[in-house]
Amino acid sequence: MLFEDDHLAVIHKPAGILVSGNSYKTIANALVQNLQQSNLSDATKPQPVHRLDYATTGVLLVGKTSSCIRALNRMFEDKKVDKTYYAVTIGEMKDGGEITSEIDTKKSQSNYKVFKSVLSKRFGKLNLVKLEPLTGRRHQLRKHLSSIDNPILGDTVYGIEHLILNGKGLYLHAYSLNFIHPFTNKLVHVKDEFPQRFKKLFKS
């Protein structure tokens, strides 16, 4: 649990679990047992208001009342929730830039900045990259990085076949969320520290 009040919660999503869907083992099904019951009159079953891929770790925003779920959905539609991710990418990269493309016939844009690079015997170079998606298309960050020939380490779908790292998971982490609380009007800034596997690659 990273943040919680009567309206909403921000939680850490581990890798290897679906946010929602037909499977019994999902974040959505686990929320009732793990969040405090809201005392507000329109309290409802807690519900994630955005998605993270099965293999992605990090911050996930959850609504606990009907009115808050609606408000948060509107905020995502209006791009009033700032999301920051970090990924480990493969190969030589420019220091930063923006990537634009069409995904499922819709415009998509991500900004990136390389924070640190280390040499790797197997991969040539590994980069710690800060990512800010300005749109929210399916697999957007993974597709964008692959499109500039810098796929995310561990990406079995969009990676380079002979450089896929098996068994270590996807090196993509939803690091922080920044938004104005729809009911208290206070700034909520929540971050989820880097997974241990990131720290092993980038010691400092």
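The values are calculated or read from the model by the stated rules, or taken from the named source; none is laboratory data. Bear in mind that the values here come from a model prediction, so they are computed numbers and not experimental data. Cβ: placed from backbone, ideal geometry, glycine included. Neighbour counts: every protein chain shown. Protein only, heavy atoms only, side chains kept; ligands, DNA and RNA dropped before computing areas. Shrake-Rupley method; radii C 1.70, N 1.55, O 1.52, S 1.80 Å.
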> When you go through L134, L187 one by one, which is the residue that is touching a Phe, Trp or Tyr at 6+ places or on another chain (Cβ under 9 Å) and of a type in the set (A, V, I, L, M)?
Replying inline: L187
> Which residues, counting only those in segment 170-189, are surrounded by fewer than 17 Cβ atoms within 10 Å (Cβ to Cβ) and closer than 25 Å to Y54 by Cβ?
Replying inline: N178
>> Within segment 37-50, take every residue that is of a type outside the set (A, V, I, L, M) and crowded, with 16+ Cβ neighbours inside 10 Å and give me the one that is farthest from the chain's Cα centre (by Cα).
In response: S38
> Which members of segment 69-87 meet the condition of being in a helix (DSSP H, G or I) and either at pLDDT below 95 or under 19 Å from S110 (Cβ atoms) (or both)?
Replying inline: F76, E77
> In segment 52-76, how many are in contact (Cβ under 8 Å) with a residue 60 or more places away in the chain and among the aromatic types (F, W, Y)?
Replying inline: 1
>> Anything in segment 171-202 that is more than 16 Å from the chain's Cα centre (by Cα) and either in a loop (DSSP other than H, G, I, E, B) or hydrophobic (A, V, I, L, M, F, W, C) (or both)? List them, or say none.
In response: I180, H181, P182, F183, T184, N185, K186, L187, V188, L201, F202
>> Cβ contacts < 9 Å: first residue closer than 13 Å to Y85 by Cα, restricted to segment 130-146; second residue of a type in the set (S, T, N, Q) and in a helix (DSSP H, G or I), any location; separation 6+ or different chain. Result?
In response: P133/Q140
>> Contact list please: Cβ distance under 8 Å, first residue in segment 25-46 and touching a residue at least 40 places away in the same chain (Cβ under 8 Å), second residue open to solvent by less than 60 Å² (accessible area, probe 1.4 Å), pairs at least six apart or on different chains.
In response: none
> Residues of segment 94-115 being touching a Phe, Trp or Tyr at 6+ places or on another chain (Cβ under 8 Å) and open to solvent by less than 40 Å² (accessible area, probe 1.4 Å), which ones?
Replying inline: G96, G97, I99
> When residues of segment 1-36 are filtered for being in a loop (DSSP other than H, G, I, E, B), in contact with an Asp or Glu (Cβ under 9 Å, 6 or more places away or on another chain) and either open to solvent by less than 40 Å² (accessible area, probe 1.4 Å) or not aliphatic (A, V, I, L, M) (or both), how many remain?
Replying inline: 3
> For segment 37-50, what are the residues that are of a type in the set (V, I, T) and assigned to a strand (DSSP E or B)?
Replying inline: T44
> Before we move on, is V118 in contact (Cβ under 8 Å) with a residue 60 or more places away in the chain, over 30 Å from R74 (Cβ atoms), open to solvent by 30 Å² or more (accessible area, probe 1.4 Å) and not basic (K, R)?
Replying inline: yes
>> Among the residues of segment 51-64, are any open to solvent by 40 Å² or more (accessible area, probe 1.4 Å) and either of a type in the set (K, R) or not in a loop (DSSP other than H, G, I, E, B) (or both)?
In response: yes
> Here are some residues: K113, K94, K107. Which one is modelled with pLDDT of 95 or more and assigned to a loop (DSSP other than H, G, I, E, B)?
Replying inline: K94
